[in-house]
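Engineer: Take a look at this one; I'll ask things after.
No value in this document is a laboratory result; all are computed from the given coordinates. Small disclaimer: the values here were computed from a predicted structure and weren't measured. Ideal geometry is used to build each Cβ from the backbone, glycine not excepted, and the neighbour counts take in all protein chains shown.
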């Protein structure tokens with residue numbers, strides 16, 4: 001409902017597209033230098049989707065981003081983005097400037113491989129393995145000695 005207002009306040013270097021089909025979103029995501037994410041969510045699927053397109057992430061260091069993105073400063077070989085520590089314009093500008101300095105260090109294939117770790121099939125396998133491990137631990141206990 002606020003699309004027109006957003007278009008009016010957008011700076012000349014910002015193109016506001018509005019709703020787009022998935023194929024267009026994927027195209028833009030795959031061609032982007034980086035995906036900037038300043039929110040804090042429990043998981044943040046958009047971060048994983050960006051990485052699945054081979055796009056590195058510049059993200060606020062909180063919530064699910066800490067699980068799904070690997071900061072290249074701490075993970076030089078497997079980094080998929082970088083974090084900024086406060087939700088301020090200054091912190092974001094600093095992160096973007098640092099990203100520009102690290103531009104050649106990000107590998108699209110590393111980003112894709114990271115995203116694959118969060119695929120539904122992988123989640124299902126890990127979840128079933130966890131349940132099986134709990135089941136085995138439960139049945140291997142000797143309840144006679146514990147007084148239960």
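Engineer: Tell me the label-point distance for the pair residue 16, residue 97, using the 7 Å Cα-to-Cβ offset, in nm and rounded to one decimal.
Structural biologist: 2.8 nm
Engineer: Based on the Cβ-Cβ distance from residue 107 to residue 67, what FRET efficiency comes out when R0 is 22 Å, to the nearest 0.05?
Structural biologist: The computed FRET efficiency comes out at 0.65.
Engineer: Take 102, 3 and order them by how many other Cβ atoms sit within 10 Å, fewest up front.
Structural biologist: Final ranking by Cβ density, sparse to dense: 3, 102.
Engineer: Continuing with the same structure: What length, rounded to one decimal in nm, is gained on full extension from residue 78 through to residue 117, with 0.36 nm per residue of separation minus their alpha-carbon distance? Numbers along the way, then the final one.
Structural biologist: Working: separation 39, 0.36 × 39 = 14.04 nm, distance 1.31 nm.
Here the answer is 12.7 nm.
Engineer: Next question. Below 8 Å between Cα atoms, with a sequence gap of 6+, how large is the relative contact order for the chain in percent?
Structural biologist: It rounds to 18 percent for the chain.
Engineer: Also, I was wondering about something else. Computed from the coordinates I sent, P(r) over Cα pairs in 5 Å bins from 0, in percent equals one of (i) 2, 10, 20, 24, 23, 15, 6, 1; (ii) 2, 9, 14, 17, 16, 13, 8, 6, 4, 4, 3, 2, 1, 1, 0; (iii) 2, 9, 17, 22, 22, 15, 8, 3, 2, 1, 0. Tell me the label.
Structural biologist: Structure-derived value, by its label: (ii).
Engineer: Would you work out the relative contact order for the stretch 1-86, in percent, from Cα pairs under 8 angstrom that are 6 or more residues apart?
Structural biologist: 21 percent
Engineer: Where is the GNM fluctuation largest for the chain (alpha-carbon springs, 10 angstrom cutoff): 133, 114, 73?
Structural biologist: Maximum among the listed residues: 133.
Engineer: Expected output is a single nm value to one decimal: the length gained when fully extending between residue 6 and residue 41, i.e. 0.36 nm times separation in residues minus the C-alpha distance. What is it? List each step's numbers first, then the result.
Structural biologist: On the way: separation 35, 0.36 × 35 = 12.60 nm, distance 2.28 nm.
My answer for the length gained is 10.3 nm.
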